[in-house]
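Asks: Okay, here's the structure, questions in a sec.
The values are calculated or read from the model by the stated rules, or taken from the named source; none is laboratory data. Remember, it's a predicted structure, so these values are computed and weren't measured experimentally. Don't worry about glycine lacking a Cβ; one is built from the backbone with ideal geometry, like all the others, and counts go over all protein chains shown.
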């Protein structure tokens, strides 16, 4: 009996088919050949059965999939404002425009226009950060983990860094404080217990090899009950008396007090600097609302030590990060403008009635298979752990689809919609749906429900 796989067409035969050959006008031949071979491989694995939709359609689908960019925009309908898997903070329009301006041609990244000579990329955000925070000096690197690594390398390499056991945390991607300490060349000295650490614990561990007293903000979890920790100001004072440096890994980079909107407990950058620690490390793409960046703020001596460390070049920021961060920071000169124009701040401070109105408009556009229910949003991004924000959810009901099936169809939309499932239903949170995306979401939901 002849093996059906022997009857499969050759690669050249399929490439010569008019419907497949026509794809060469828009795609490289190498991509087309790969798509044909993969389509044949699938048929071969299926015992020689040709694609049910036909060879041309199967090849066309593979070409389209291969040609599409892997990093695609999506609509965040989850209600998690700083969604790490979805890129965290969406940028303000001035930040987007700033990136486009430097992308379109050359830029004065490391060129001093006044002197007509080489300059430093570190000058671009420094003055704004100093102005907004009151720090003596500032340095921007490519992410917050890099900021901590650089600071430890510059201040504690070949010496000891004292940390509370309750602050030896792990954040996303298995990033652990002990591991980053080891990589920096500093030696970890643990003090206190998981739930209680006192200033005397740090004082008792100080030796002539102590280089840094490190405080780490527990940004992605809470410890409650019988707890105690040493304030940053006390650690800073002890470090000065001991001839060591003090470093505060703050995490989120909050520049505005959000307690009027029910978000309290997250230390601000200003509060951290007021403790008079030598160096504060924080993130640019969390509560600050800018691009992925690590920010170091503090004394001139500590910042310059980081600037001169060999790691500084390895973790430096590119022109796009600096342009977007500078534009974002400029908005903070007017706190109300920052709250209005920076998407993260706008989402976190939007009142429930405003969200309800947008939810009602979305429900009306979707039709009878949608209704409003009360719900909760989350800050996300390892910020304000445990905090919940009151919101209004658009609950969807499909006749023939499970909740997982409907969520899958929404992800397959031309502009994928990422929803969440609550009590067996797909729900959409208008808080994280950008205002200009509402009509797009409604069309995609109707199509998914009707298909």
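Asks: Identify the residue in region 335-353 that is without any contact (Cβ under 8 Å) to a residue 24 or more places away in the chain and touching a helix residue (DSSP H, G or I) at 6+ places or on another chain (Cβ under 9 Å) and, among all such residues, is surrounded by the most Cβ atoms within 10 Å (Cβ to Cβ).
Replies: 346
Asks: So for region 172-186 (the condition being closer than 20 Å to residue 326 by Cβ, assigned to a helix (DSSP H, G or I), assigned by TED's automatic domain parsing to the domain that holds residue 284 and touching a strand residue (DSSP E or B) at 6+ places or on another chain (Cβ under 6 Å)), does at least one residue qualify?
Replies: Looking for residues that are closer than 20 Å to residue 326 by Cβ, assigned to a helix (DSSP H, G or I), assigned by TED's automatic domain parsing to the domain that holds residue 284 and touching a strand residue (DSSP E or B) at 6+ places or on another chain (Cβ under 6 Å), one finds none in region 172-186, hence no.
Asks: So how many residues does region 94-140 have that are in a helix (DSSP H, G or I) and over 19 Å from residue 320 (Cα atoms)?
Replies: 4
Asks: Of the residues that sit in region 258-315 and are farther than 24 Å from residue 328 by Cα and touching a strand residue (DSSP E or B) at 6+ places or on another chain (Cβ under 6 Å), which one is surrounded by the fewest Cβ atoms within 10 Å (Cβ to Cβ)?
Replies: Only one residue tops the list, namely 278.
Asks: OK, next. Of all residues in region 395-419, how many are within 20 Å of residue 82 (Cα to Cα) and crowded, with 18+ Cβ neighbours inside 10 Å?
Replies: 3
Asks: Further question on the same structure: Yes or no: residue 87 surrounded by 15 or more Cβ atoms within 10 Å (Cβ to Cβ) and out of contact with any helix residue (DSSP H, G or I) (no Cβ under 9 Å at 6 or more places or on another chain)?
Replies: Yes.
Asks: Got at least one residue in region 46-67 being loosely packed, with under 12 Cβ neighbours inside 10 Å and under 30 Å from residue 428 (Cβ atoms)?
Replies: Yes - at least one qualifying residue is present in region 46-67.
Asks: Assess whether residue 428 counts as being over 25 Å from residue 266 (Cα atoms), surrounded by 14 or more Cβ atoms within 10 Å (Cβ to Cβ) and touching a strand residue (DSSP E or B) at 6+ places or on another chain (Cβ under 7 Å).
Replies: Against the criterion (over 25 Å from residue 266 (Cα atoms), surrounded by 14 or more Cβ atoms within 10 Å (Cβ to Cβ) and touching a strand residue (DSSP E or B) at 6+ places or on another chain (Cβ under 7 Å)), residue 428 qualifies.
Asks: Among the numbered criteria (1) surrounded by fewer than 16 Cβ atoms within 10 Å (Cβ to Cβ); (2) modelled with pLDDT of 95 or more; (3) closer than 30 Å to residue 268 by Cα, which one does residue 386 miss?
Replies: Status for residue 386: all satisfied but (2).
Asks: Still on this model: Across region 180-214, what is the total count of residues that are over 14 Å from residue 160 (Cα atoms) and at pLDDT 85 or above?
Replies: 9
Asks: Just checking, which of 440, 391 is in contact with a helix residue (DSSP H, G or I) (Cβ under 7 Å, 6 or more places away or on another chain) and either closer than 16 Å to residue 261 by Cα or not assigned by TED's automatic domain parsing to the domain that holds residue 290 (or both)?
Replies: Just one listed residue meets the conditions, 391.
Asks: OK, next. State yes or no: is residue 372 within 23 Å of residue 87 (Cβ to Cβ) and either touching a helix residue (DSSP H, G or I) at 6+ places or on another chain (Cβ under 7 Å) or not assigned by TED's automatic domain parsing to the domain that holds residue 253 (or both)?
Replies: Considered against the rule, which asks whether it is within 23 Å of residue 87 (Cβ to Cβ) and either touching a helix residue (DSSP H, G or I) at 6+ places or on another chain (Cβ under 7 Å) or not assigned by TED's automatic domain parsing to the domain that holds residue 253 (or both), residue 372 comes out as no.
Asks: Still on this structure, please answer the following. How about region 274-312: which of its residues are assigned to a strand (DSSP E or B) and closer than 13 Å to residue 155 by Cβ?
Replies: Hits for region 274-312 are 279, 280, 281, 296, 298.
Asks: So, restricting to helices (runs of 4 or more DSSP H) that lie completely within region 17-73, which ones have at least 1 residues that are without any contact (Cβ under 8 Å) to a residue 24 or more places away in the chain and under 23 Å from residue 2 (Cα atoms)?
Replies: Counting at least 1 such residues, we get 29-45.
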